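Structure record follows, encoded as structure tokens.
The values are calculated or read from the model by the stated rules, or taken from the named source; none is laboratory data. Because the structure is a prediction, the values reported are computed rather than measured. Cβ: placed from backbone, ideal geometry, glycine included. Neighbour counts: every protein chain shown. When the accessible area is computed, the model is the full protein with side chains, heavy atoms only, and any ligands, DNA or RNA have been set aside. Shrake-Rupley method; radii C 1.70, N 1.55, O 1.52, S 1.80 Å.
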Amino acid sequence: MNLSDPSNWKHKLSNSRQLGGIETSILDNGAGGGTRIAWINTGTGLRYKVVLDRGMDILDAFHNEHSLSWISNAGHAAAQPFSNQGIDWLRTFGGGLLTTCGISSMGPPNEDDTGSRGLHGNYSNTPAELISIKQPDIYSGNLDFEIVGVIRETTTFGPSLELKRTISGTLGSAEINIKDEVFNRGNSPAPHMVLYHINCGWPLINEGTRIVWRGDIQPRDNDDSMSDFNKQNKFTKCAAPLDEHSAFGEDVAFIVPKADQNDQVTCGYMNDELELGLSISFSKKQMPWLINWQHWGKNEYVTALEPATNPPIGQAAARENGTLILLEPGESSIYEIKMEVLKGASVKEFKM
């Protein structure tokens, strides 16, 4: 259905919710009880859940009857702000279409003379302050929508980072647009790293689903322990469940992606059998790294493409090798990601 042509629906609707829009609510049961969420329906079959109390990350995501995201055993858990040491972060990691890692450290637990930090940082266990919601307007014909919130990672006498997140789209377009603006609100330089964990699962992800990207995989010390599947397929195809990926088993590629003439990196997952795909695009200048995480465990079957400012090595290692970003007081950085659902012939045609 073409919503961009108002003649298709003009004077036939009483309420824009008949097409789609944003609906907020509070969960009332289970580990996520009391958590604020926002369901977004794009009117195209694409609908997704923004978890306001988990940094406005995205958990569930569907296109028609097909799930796009991977949901962990933990599922929808409430934020636990003090799960910030060691690997405590994993206890409430719900997976989901988007989990943001950072914004001062991401990667493994790490420690140096500036302090200690847990796996993947504090961001995803921090509630957002909701700033605004713009709904589509069938009377003016403006079908754009957006939801805006602010997430703060701050401590007295220490770094004070603020992230303003805008999630937007247009009814009739199967796209998710994310714009993050990170500000140093403190009076001293603030360490900054960010990685966007875009976690996809069955049925979009299945054996044979293509992992599409352009770039160069950087050699790693543990390449010898990589699964035979990836030694052969080099992170370009999804596997069936693998016994060697039980427990902590995984394969990870650190990719230096190639951008087009407009500085855009495009990658994604293409399921040719379902004729369903997810395209991901971002600026290489903003995020010069792309990580592919694969965990083909039985009953824990997931892969993620992850645009990032750094490889997931932790703040201490990034400081040591000179790649850690330090935002000066008043300085800011912007990160933009577009995710688009592809269908039909455009899926098989999506090649790099």
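Structural remarks
- Selection count where residues are open to solvent by less than 10 Å² (accessible area, probe 1.4 Å) and outside any loop (DSSP other than H, G, I, E, B), scope the range 100-147: 9
- Breaking point among (1) over 30 Å from residue 75 (Cα atoms); (2) touching a Cys at 6+ places or on another chain (Cβ under 7 Å), for residue 305: (1)
- Meets criteria (of a type outside the set (D, E, K, R), more than 30 Å from residue 181 (Cβ to Cβ), modelled with pLDDT of 95 or more and part of a strand (DSSP E or B)) for residue 269: no
- Residues that are open to solvent by less than 70 Å² (accessible area, probe 1.4 Å) and assigned to a loop (DSSP other than H, G, I, E, B) within the range 230-259 comprise 235, 236, 238, 239, 240, 241, 242, 246, 249, 259, listed in sequence order.
- Within the range 235-258, the set of residues being among the aliphatic types (A, V, I, L, M) and under 18 Å from residue 196 (Cα atoms) comprises 252, 253, 255, 256.
- Residue selected from the range 211-229 under the condition at pLDDT 90 or above, within 14 Å of residue 291 (Cβ to Cβ) and not small (Gly, Ala, Ser), by the criterion most open to solvent (accessible area, probe 1.4 Å): 216
- Residue check: residue 86 meets all listed conditions (1) open to solvent by 10 Å² or more (accessible area, probe 1.4 Å); (2) in contact with a helix residue (DSSP H, G or I) (Cβ under 7 Å, 6 or more places away or on another chain); (3) of a type outside the set (Phe, Trp, Tyr); (4) assigned to a loop (DSSP other than H, G, I, E, B) but one, namely (2).
- Checklist (1) open to solvent by 70 Å² or more (accessible area, probe 1.4 Å); (2) of a type in the set (Lys, Arg); (3) in contact with a strand residue (DSSP E or B) (Cβ under 7 Å, 6 or more places away or on another chain) applied to residue 49, failing item: (1)
- Scanning the range 179-196 for residues that are open to solvent by 10 Å² or more (accessible area, probe 1.4 Å) and assigned to a strand (DSSP E or B) turns up 179, 181, 183, 191.
- If you go through the range 317-341 and pick out every residue that is surrounded by 17 or more Cβ atoms within 10 Å (Cβ to Cβ) and in contact with a Pro (Cβ under 6 Å, 6 or more places away or on another chain), you end up with 1.
- In the range 17-29, the residues that are closer than 15 Å to residue 173 by Cβ and either in a loop (DSSP other than H, G, I, E, B) or at pLDDT below 95 (or both): 19, 20
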